[in-house]
Amino acid sequence: MILKAFATMRPASRYLMLWLLLPTLALGAFEGYFGRVRYSADALNYLNIARALHAGDWRLALNSYWGLGYPAILSLVTPLFPATAAGEWYAVHLVNLAILVATFFSFFALVWTFATASTFAAMLEDAAAERLIVLGGFAIYLSIELTMDNVSRVGPDMLVTCLLFLAVRLLVQLEQQASASRAMVLGLILGVGFVVKAIFLPLTLVFAVTGAIACRKQKGGLTAIVLMLAAAGVFAMPYIAGLSWSAGHFTYGDAGPLNYAWTVNKLEPGGLWQGGGQYGTPIHPAKQVLESPRVYIFDGPFPVTFAPFYNPPYYYEGYRHFFSLRAQVHEAGGNVLRLARILMLQIFVYVLVFCGLLEFKSVLENLRKALVFWPAMLICWAGIWMYVLVFVEARYVAAFLAILCVLVLLALAANAAKRRGYGLIALLLLGCVVTLLANQHDADRDMIGHLRHHQHFDNNDQWLAGQYLQQTGMRPGDKVAVIADLVTATRSTWAYVGGLRIVGILGGSLLESQTVDSDAFWQAAPERQRQILESFQSVGVRLVLAISKPETANAPGWEPIPGTAYWVYRFEK
């Protein structure tokens, strides 16, 4: 289906596109290796689902907050690699690199579907315009997929982007000619997308409404949309049934409602919520055993790295949902500003705008012609608006932005169809390079810094700590506790590497810089410290790991983990 999209492309342009795959692979592999050198909180949960699938524990794997699709792919590939933490790391990142390649082809299939439509088809008579589209599309693709999303991020978002490109392409083709088979393939893609990430459920409704409007005058058009919904149900209905079975009550997914509660209604996120006020009372919360310092225990039914963030619907069951127009408007405004900040470092967007302004009138006329692709535009704006209402991150809107940028590129290419357009190509590629450089460093990754200092996953503190604990007697399934803020605790790669279960935390702040609880612990007398630690021992904790310890702290019984800033306290058997 994807390869057929390039049948009308000149051989020279096809070869150019294939050659451009080489720098895509090289840069993707580089970013994947030197980007994130530890797993994120999201990554650990997807990896725990993959482990549950390996163990055949479907009740644990079917999670109403985290999608099943991406970890299901991981669970198929990881057995092909050595059964070690490093082997799994390479397997996961090679899967991500393969998804990058699949997204590359799905993106160009969409670009060519736009380009060969009657509105812009005439410009393809000129080889220079065709070359401009390929190189300009490459600049857009690389800028977005290696900055707004990337290979080192362990999660489903790039797969979501790939599926969205395929789905929008099929919708555009449906508008041109209604086809039952095409509609069913579109439905299957949307159904698979829902298994991958919950956003596809509301998007499927948007696709259905948009498709119904676009195809209403075609013979069999509405029938095609009905077939699309039926095909989506082939995956969606069994998946909803599985989620409901696992949760013990009907659910089509809880990611949307919970994220809305956290971001709009300002419910305390993270899984340690104790209830109170207008929010109600959780049915089975994490147990707070001490107030100062705050100590929580959550030895619940989920044998995973950090249960409160693995299955937050369980720990928030009992929350009272409500709607506040004022809160909604406030959050939407904040997300618009957040979206603007995301775009600030996307230099290629400025290049597209600048090139359009140089020949404003003719480009504007071509953009009016691009309105024929209103179904694709509507999907993009609807998708962006869904996130604006709740929470915006770059990876969430990457696919929508790419599609909108392609339409601008086509308007520029149509305007440059009668000349070679080398200047425009140079500007777009330069914008891509600057975008990649401007975004190579953020809070979670520093590619050039990691390269310069020879930092990679297996010499990172988290990996060293996990391996050390394995070598000193800890076994998969052993229970541990952590002294850390909540954000850092959810990113405990060290516990995942060793297959350990964090069932307690001393801390609980959502601010990584907040150390009130740990300071209170280290400043306490040794006897008081021992009493606090014993609250963990009551649920079978074998050791407590602290992410740091003040040099002046009087803390007998603690030992450093070599090569790291971490310390551990072991309980006698």
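For the stretch 107-124, the tally of residues that are surrounded by 23 or more Cβ atoms within 10 Å (Cβ to Cβ) and in a helix (DSSP H, G or I) stands at 7.
Just one of the numbered conditions (1) assigned by TED's automatic domain parsing to the domain that holds VAL304; (2) within 23 Å of the chain's Cα centre (by Cα); (3) in a loop (DSSP other than H, G, I, E, B) is not true of ASP444: (1). Against the test of being aliphatic (A, V, I, L, M), crowded, with 22+ Cβ neighbours inside 10 Å and in contact (Cβ under 8 Å) with a residue 40 or more places away in the chain, the options ILE502, ILE532 yield a single qualifying residue, ILE502. In the set (1) in contact (Cβ under 8 Å) with a residue 60 or more places away in the chain; (2) in a helix (DSSP H, G or I); (3) over 22 Å from the mean Cα position of the chain (by Cα), HIS330 fails one condition alone, (1). Applying a threshold of 9 Å to beta carbon distances and a minimum spacing of six or more residues, or different chains, the list of pairs starting in the stretch 349-372 at a residue that is assigned to a loop (DSSP other than H, G, I, E, B) and ending at one that is modelled with pLDDT under 85 reads GLU359/ASN415; GLU359/ALA416.
Criterion applied to GLU88, GLU130, GLU145 was being buried (at least 20 other Cβ atoms within 10 Å of the Cβ), farther than 26 Å from VAL408 by Cα, assigned by TED's automatic domain parsing to the domain that holds ALA398 and acidic (Asp, Glu), and the one residue passing it is GLU88.
Quickly run through the stretch 193-250 and pick out the residues that are part of a helix (DSSP H, G or I) and of a type in the set (Val, Ile, Thr). Let's see the steps before the verdict.
Of the residues in the stretch 193-250, the ones part of a helix (DSSP H, G or I) are 193-196, 200-214, 221-247.
Scanning the stretch 193-250 gives VAL195, VAL196, THR204, VAL206, VAL209, THR210, ILE213, THR223, ILE225, VAL226, VAL234, ILE240.
Among the residues of the stretch 535-573, the ones that are more than 15 Å from VAL295 (Cβ to Cβ) and polar (S, T, N, Q) come to 4 in all. Every residue in the stretch 140-160 that is under 22 Å from THR116 (Cβ atoms) and of a type outside the set (A, V, I, L, M), please. Correct list: TYR141 only. Is it true that GLU175 is modelled with pLDDT under 95, closer than 19 Å to VAL408 by Cα, in contact with a helix residue (DSSP H, G or I) (Cβ under 8 Å, 6 or more places away or on another chain) and not aromatic (Phe, Trp, Tyr)? When the stated conditions are applied, GLU175 does not pass them. For the stretch 5-54, filtered to residues that are hydrophobic (A, V, I, L, M, F, W, C) and outside any helix (DSSP H, G or I), the residue that is surrounded by the fewest Cβ atoms within 10 Å (Cβ to Cβ) is ALA7.
Just to be sure before I move on: is LEU429 closer than 28 Å to ARG341 by Cβ, touching a residue at least 24 places away in the same chain (Cβ under 8 Å) and part of a helix (DSSP H, G or I) in the structure I sent?
Working: closer than 28 Å to ARG341 by Cβ: yes; touching a residue at least 24 places away in the same chain (Cβ under 8 Å): yes; part of a helix (DSSP H, G or I): yes.
Considered against the rule, which asks whether it is closer than 28 Å to ARG341 by Cβ, touching a residue at least 24 places away in the same chain (Cβ under 8 Å) and part of a helix (DSSP H, G or I), LEU429 comes out as yes.
Within the stretch 477-528, the set of residues being aromatic (Phe, Trp, Tyr) and under 16 Å from LEU44 (Cα atoms) comprises TRP494, TYR496.
Please find, among SER518, SER548, the residue that is modelled with pLDDT of 90 or more, surrounded by fewer than 17 Cβ atoms within 10 Å (Cβ to Cβ) and either closer than 26 Å to ALA443 by Cα or among the small types (Gly, Ala, Ser) (or both). Talk me through it step by step, then tell me what you get.
Values: SER518 fails: surrounded by fewer than 17 Cβ atoms within 10 Å (Cβ to Cβ).
Result of the check over SER518, SER548: SER548.
Filter the stretch 525-541 for residues that are outside any helix (DSSP H, G or I) and either at negative phi or of a type in the set (A, V, I, L, M, F, W, C) (or both) and give the result. Selection gives ALA525, SER538, VAL539, VAL541. Would a scan of the stretch 508-520 turn up a residue that is under 18 Å from GLY540 (Cα atoms) and within 29 Å of the chain's Cα centre (by Cα)? No, the stretch 508-520 has no match at all.
For the condition within 23 Å of the chain's Cα centre (by Cα), closer than 28 Å to SER535 by Cβ and not aliphatic (A, V, I, L, M), GLN470 does not qualify.
Which one is surrounded by the most Cβ atoms within 10 Å (Cβ to Cβ), of the residues in the stretch 285-303 that are touching a Lys or Arg at 6+ places or on another chain (Cβ under 7 Å) and assigned to a strand (DSSP E or B)? Per the criteria, the residue is TYR296.
Quick check on THR488: is it under 30 Å from GLY87 (Cβ atoms), surrounded by 15 or more Cβ atoms within 10 Å (Cβ to Cβ), touching a helix residue (DSSP H, G or I) at 6+ places or on another chain (Cβ under 6 Å) and not assigned by TED's automatic domain parsing to the domain that holds GLU88? Taking the combined requirement at face value, the residue does not satisfy it. Within this structure, PRO282 fails the test of being touching a residue at least 24 places away in the same chain (Cβ under 8 Å), in a helix (DSSP H, G or I) and either at negative phi or surrounded by fewer than 18 Cβ atoms within 10 Å (Cβ to Cβ) (or both). Of the helices (runs of 4 or more DSSP H) entirely within the stretch 465-524, those holding at least 1 residues that are of a type in the set (D, E, K, R) occupy 516-523.
The values are calculated or read from the model by the stated rules, or taken from the named source; none is laboratory data. What you see is a predicted model; the values in this text were computed from it and never measured. Virtual Cβ from ideal backbone geometry, glycine too; neighbours counted across all protein chains shown.
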